[in-house]
Amino acid sequence: MFFFNVELIFHIYLLLFHIYCIDNATASANCRQAEYSTEEGCCPTCPPGMYVNRHCTEFRSTSCACCTEGTFQDGNNGLEQCFSCQHCDAGLGLKVKRSCSSTSDAVCEVLDGFFCSDSNGGGCRTAQRHTVCSPGHYIGQRGTADRDTECLHCTDGTFSDGTSTSCQNHSKCESVGLNLMKPGTDSTDSECGEHGPQTGLVAGIISGVILGMALMALIIAIILTKQIRESTPQSKMETPSKELSQDYRPTETPPLKSTDGLEPTRDQQEYHTITIPDETIAVQERNPTTPPTNV
């Protein structure tokens, strides 16, 4: 009997729970346009630029608060927080078209040289840089804010550096009286000159040979000059005139004195002995009392 009562009570509880859930769903479905549903029933919504700070009860209405800077609410709502504003990052190729406010999100647009790859209601979320055409291609369609640059390949006989809107024909060297030096490619023009490729090659070889021979002659001349300098001894001889002027200086003998103690006269001192290395020349002194002997 006891177990029967417990089972009956459990079924009654489940029935009451389902009735409660159905009543709440019905109440939520019956909320007016300016209301939102809560566990307590329907509550008045907050206006744009505000969010729900505290839900309503049977005794008070909904409490709303203003969105903080960098957030927004663009309509009546029953949300407990505002949305974050979009950031227009110049590093991502975006700039501000319309600033964010408490009631509307920011609107971004692309910078020059970029195109929008993800748009949203008159604005752009993500941008990419325009493609730069490589050499050998030309610009078929320039990029815009909504579309990337279109690059097309040059056909045979034409070339482009990638910056022009069309390819140019290779120069015809024969038509201007010149020889073809180097054929053109899809990115470069033909090279023309007055001489053919073989003539230019031969001239380059001859110039190289002449330069090599001149270098060898210079090296040989340097070696020979060095050998001559090393084989020739340094002369240590000096000229007689130089020796005479430096080493063989005549020395004067002191004046002669007379035996009687008197100083010789000027005439007696006129002739004296001059000494030169390895040889002595005697000069006869002239005495007033002794006349010179005739030879």
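Brief remarks on what is shown
- Those residues of segment 65-85 whose amide nitrogen sits under 11 Å from the label point placed on residue 96, 7 Å along Cα→Cβ: 70
- Built from the Cα atoms of segment 58-152, the convex hull projects on average onto 7.6 nm², one quarter of its surface area.
- Estimated FRET transfer efficiency (residue 58, residue 84; beta-carbon r; R0 41 Å; 0.05): 0.75
- What the phi angles of segment 143-157 give under the Karplus curve with 6.51, -1.76 and 1.60, with θ = phi - 60°, is a coupling list of x, 10, 6, 10, 9, 7, 5, 9, 10, 10, 7, 6, 7, 4, x Hz, glycine and proline written as x.
Each value in this text was obtained by applying a stated rule to the coordinates, not by laboratory testing. What you are looking at is a predicted structure, and each value in this text was computed from that prediction instead of being measured. For neighbour counting, all protein chains shown are included, and Cβ atoms are generated from backbone atoms with ideal geometry for every residue, glycine included.
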